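As structure tokens, the structure follows; a few thoughts come after it.
The values are calculated or read from the model by the stated rules, or taken from the named source; none is laboratory data. These numbers were taken from a predicted model, which means no experiment stands behind them. Every residue, glycine as well, gets a Cβ built from its backbone with ideal geometry; the counts of neighbours run over all protein chains shown. The protein model used for the area step is the full one, side chains on, heavy atoms only, and it has no ligands, DNA or RNA in it. Shrake-Rupley method; radii C 1.70, N 1.55, O 1.52, S 1.80 Å.
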Amino acid sequence: MARRVCIIGAGISGLRCAAVLLENLFDVTIIEARDRIGGRIAQSDQMGNLEVDVGANWVHKSDENPIVALAKETGTPLHQWVENTLLVDSAGNLVNEDHANEALQRVWHIFEEALKFSTSNLGDVDSSTSLYDFFTDECNKMVDRGNWSDYERSLVLGMAEMWGAYVGDRVERQSLKFFFLEDCIESGKSPKSLCPWSLLRSPDDYFIPGNYKKIMAKIAELPLARAKLRLGTVMTSVEVSSNEQGRVCVKTSKGTAEFFDDVVVTTPLGWLKRNKEAIHPLSPRISEAIESISYGRLEKVIIEFPSAFWEPPQTSTSENLENSISFAHWLSPSYAPTTNPKNWRLECVSFNAFKAPYRRNILLFYTFGDCSTHITTLIHGLEGVARTQVLQEFFEPYYSRLPNFDPQTCTPLRFLATEWSRDEFAGYGSYCNFQVGMKDAARDVEAIRHGMPEQHIYFAGEHTASFDGLGTVSGAYNSGERVAYRIMESAWV
């Protein structure tokens, strides 16, 4: 009789885990709270003919990344950004293009220095020290040595805040002590065996200009064909309760109670934080780790315009994309006190930098932390004109300061805003991060990753990934695969 495994969650980690087990003739049941598969990978058709990803967009580090291989297999295009940047200062003025790109390069250099420092000085960094503290010290050194002006320091410190769009919260909250967990190659099972450092920003990071749909379809192919998939079903408890039918009992919102040989919990970290009591008994060490690891709040606001007015006239319609604008940053604004009273900085990427047929007159804004919460609170429950009006009032002070803006010809055609931070099954957020105050973050990750194999309960998802994959799609995918192999090894012993 085939060993019975229940997977909680039909996101990418759950689907990959299911596929590996099914290939090896296990009996797999997938319980998914939503009425669809994919989890935090999802699309919307609200921006016209081309569906856009409202969740994950990026593919990090192409070297041996299974998502890159799947993209090639499914014909999913991958885009590499050229770092042409627009920068608007706190007063609302465009910064000289050369100064903007130079500031961005300096920011990346300090990020890389911070990564080296975090990796080499793990035991000596105070848990209260933030990544922004490191930035401030490095920038002050450059000014004191006469290498930078006060203005150049202000640009770099202002642009350093863009880190929030990578982890879902302010750079002032990012732990310097555990910054290495945001990007480091794992060369062993212990944080002590990590390599000295790796580039924070890999030249092989990709952005998917279309969407993840074909990749997800490929990953889900076998689970959809052979697993018992129960959509719209919420897991209410996982309990160790051995009987002749299995070792672990899974109860659901449908009133069912089934026994399985093994259970894999792939729910988001944010969901686990609010529902730890659903897993009984939960190891005290895992409970502590779930509480300790932080959970980000990252949202997208996608705006389509009649034209890519921010591009030079000769670039906006040219097939030569080398000089296309990729990014725009707005330092903490002093010019929008009514709609942005906390002076949250903003940034976006331009879809006009893509090749046809994905090239569009779209700016994709990333918001994070309290700014994300503020915007989602404003728009929640609104539809149509009312929702559009709120979004336009908030974002117009920013896109209107880009080059060539004309209020008569550049009025947005449509808006799309995500609300992950109000989504129960996303855990009211985006993905894990590592904030100031954490004492033993690497061990926390390892504790959840290890799970409770003696009780036949395992965990998978981006928050359990290897240290080079935390918070990423590939990390989630690999975590599901890793758990599947552990279950297989256990079954064959």
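Output the residues belonging to region 117-145 that are of a type outside the set (Asp, Glu) and open to solvent by 60 Å² or more (accessible area, probe 1.4 Å). Before you say what the answer is, go through the steps one by one.
Of region 117-145, the ones of a type outside the set (Asp, Glu) are 117-123, 125, 127-132, 134-136, 139-143, 145.
If the condition is that a residue be of a type outside the set (Asp, Glu) and open to solvent by 60 Å² or more (accessible area, probe 1.4 Å), then Phe117, Ser120, Gly123, Ser128, Lys141, Arg145 are the ones that fit.
Tally up the residues in region 243-258 that are open to solvent by 60 Å² or more (accessible area, probe 1.4 Å) and in contact (Cβ under 8 Å) with a residue 12 or more places away in the chain, please.
The number of residues fulfilling the criteria is 5.
If you go through region 144-153 one residue at a time, do you hit one that is in contact (Cβ under 8 Å) with a residue 40 or more places away in the chain, acidic (Asp, Glu) and in a helix (DSSP H, G or I)? Spell out how you get there, then give the answer.
Of all residues in region 144-153, those in contact (Cβ under 8 Å) with a residue 40 or more places away in the chain come to 152.
Cutting the leftovers down to acidic (Asp, Glu) gives us 152.
If we keep only those that are in a helix (DSSP H, G or I) too, we end up with 152.
Yes, the conditions are met somewhere in region 144-153.
Any residue at all in region 393-401 that's of a type outside the set (A, V, I, L, M, F, W, C), farther than 30 Å from Glu481 by Cβ, open to solvent by 30 Å² or more (accessible area, probe 1.4 Å) and in contact with a helix residue (DSSP H, G or I) (Cβ under 8 Å, 6 or more places away or on another chain)?
No, every residue in region 393-401 fails to be of a type outside the set (A, V, I, L, M, F, W, C), farther than 30 Å from Glu481 by Cβ, open to solvent by 30 Å² or more (accessible area, probe 1.4 Å) and in contact with a helix residue (DSSP H, G or I) (Cβ under 8 Å, 6 or more places away or on another chain).
Residue by residue, here is whether (1) crowded, with 20+ Cβ neighbours inside 10 Å; (2) outside any strand (DSSP E or B) holds:
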position: Tyr458; (1), (2): yes, no
position: His463; (1), (2): yes, yes
position: Phe467; (1), (2): yes, yes
position: Gly475; (1), (2): yes, yes
position: Gly480; (1), (2): yes, yes
position: Met488; (1), (2): no, yes
position: Ala491; (1), (2): no, yes
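Restricting the first residue to region 93-121 and requiring it to be under 28 Å from Tyr399 (Cβ atoms) and in contact (Cβ under 8 Å) with a residue 60 or more places away in the chain, which pairs with a second residue that is open to solvent by 10 Å² or more (accessible area, probe 1.4 Å) and not in a strand (DSSP E or B) meet a Cβ separation below 6 Å and a spacing of at least six or different chains?
Close Cβ pairs (under 6 Å, with a partner that is open to solvent by 10 Å² or more (accessible area, probe 1.4 Å) and not in a strand (DSSP E or B)) amount to Val95/Asp89; Trp108/Arg201; Phe111/Leu200.
Can you tell me which residues in region 71-88 are open to solvent by less than 30 Å² (accessible area, probe 1.4 Å) and either part of a loop (DSSP other than H, G, I, E, B) or closer than 23 Å to Ser332 by Cβ (or both)?
Result: Thr76, Asn84, Thr85, Leu86, Leu87, Val88.
Checking the structure you have, find out if any residue of region 336-344 is in contact (Cβ under 8 Å) with a residue 24 or more places away in the chain and assigned to a helix (DSSP H, G or I).
No, because not a single residue in region 336-344 is in contact (Cβ under 8 Å) with a residue 24 or more places away in the chain and assigned to a helix (DSSP H, G or I).
For Thr136, are the conditions met, namely being touching a helix residue (DSSP H, G or I) at 6+ places or on another chain (Cβ under 9 Å) and without any contact (Cβ under 8 Å) to a residue 24 or more places away in the chain? Working first, answer last.
Details: touching a helix residue (DSSP H, G or I) at 6+ places or on another chain (Cβ under 9 Å): yes; without any contact (Cβ under 8 Å) to a residue 24 or more places away in the chain: yes.
Answer is yes for this residue.
Taking region 8-42 as the region of interest, how many residues are within 22 Å of the chain's Cα centre (by Cα), within 20 Å of Ile457 (Cα to Cα) and not in a helix (DSSP H, G or I)?
Count: 6.
Could you grab the pairs with beta carbons closer than 7 Å, sequence gap of 6+ or different chains, first residue in region 212-236 and touching a residue at least 24 places away in the same chain (Cβ under 8 Å) and on the phi < 0 side of the Ramachandran plot, second one open to solvent by 40 Å² or more (accessible area, probe 1.4 Å) and among the hydrophobic types (A, V, I, L, M, F, W, C)?
Correct list of pairs: Ala220/Ile37; Pro223/Leu229.
Tell me, please, whether a residue that is over 30 Å from Met438 (Cβ atoms), among the hydroxyl-bearing types (Ser, Thr, Tyr) and surrounded by 14 or more Cβ atoms within 10 Å (Cβ to Cβ) can be found in region 259-269.
Among the residues of region 259-269, not one is over 30 Å from Met438 (Cβ atoms), among the hydroxyl-bearing types (Ser, Thr, Tyr) and surrounded by 14 or more Cβ atoms within 10 Å (Cβ to Cβ), which makes the answer no.
Taking the conditions exactly as written (closer than 29 Å to His374 by Cβ, without any contact (Cβ under 8 Å) to a residue 40 or more places away in the chain and either open to solvent by less than 30 Å² (accessible area, probe 1.4 Å) or among the acidic types (Asp, Glu) (or both)), does Glu299 satisfy them or not?
Numbers: closer than 29 Å to His374 by Cβ: yes; without any contact (Cβ under 8 Å) to a residue 40 or more places away in the chain: no; either open to solvent by less than 30 Å² (accessible area, probe 1.4 Å) or among the acidic types (Asp, Glu) (or both): yes.
Considered against the rule, which asks whether it is closer than 29 Å to His374 by Cβ, without any contact (Cβ under 8 Å) to a residue 40 or more places away in the chain and either open to solvent by less than 30 Å² (accessible area, probe 1.4 Å) or among the acidic types (Asp, Glu) (or both), Glu299 comes out as no.
Could you go through region 228-235 and let me know if any residue there is over 30 Å from Gly437 (Cα atoms) and buried (at least 21 other Cβ atoms within 10 Å of the Cβ). Write out each step before concluding.
If we filter region 228-235 for residues that are over 30 Å from Gly437 (Cα atoms), which is where we start, we get 228-235.
Remaining after also requiring buried (at least 21 other Cβ atoms within 10 Å of the Cβ): 235.
Yes.
Looking at region 417-451 only, could you name the residues that are open to solvent by less than 40 Å² (accessible area, probe 1.4 Å), part of a helix (DSSP H, G or I) and closer than 20 Å to Val301 by Cα?
Across region 417-451, the qualifying residues are Trp420, Ser421, Ala426.
Scan Leu25, Leu15 and give me the residue that is under 30 Å from Phe260 (Cα atoms) and either in contact with a helix residue (DSSP H, G or I) (Cβ under 6 Å, 6 or more places away or on another chain) or surrounded by 16 or more Cβ atoms within 10 Å (Cβ to Cβ) (or both). If you could, list the steps in order and put the result at the bottom.
Working: Leu25 fails: either in contact with a helix residue (DSSP H, G or I) (Cβ under 6 Å, 6 or more places away or on another chain) or surrounded by 16 or more Cβ atoms within 10 Å (Cβ to Cβ) (or both).
Being under 30 Å from Phe260 (Cα atoms) and either in contact with a helix residue (DSSP H, G or I) (Cβ under 6 Å, 6 or more places away or on another chain) or surrounded by 16 or more Cβ atoms within 10 Å (Cβ to Cβ) (or both) holds for just one of Leu25, Leu15, which is Leu15.
Please work out which residue is nearest to Thr267 (Cα to Cα), limiting yourself to region 28-49 and to residues that are of a type in the set (Asp, Glu) and surrounded by fewer than 18 Cβ atoms within 10 Å (Cβ to Cβ). Can you show your working first?
To start, the set of residues in region 28-49 that are of a type in the set (Asp, Glu) comprises 32, 35, 45.
So of that shortlist, the ones also surrounded by fewer than 18 Cβ atoms within 10 Å (Cβ to Cβ) come out as 35, 45.
On the way: Asp35: 15, Asp45: 26 Å.
The selected residue is Asp35.
Quick check on my filter: what residues within region 378-422 are in contact with a His (Cβ under 7 Å, 6 or more places away or on another chain) and without any contact (Cβ under 8 Å) to a residue 60 or more places away in the chain?
Matches in region 378-422: Arg422 only.
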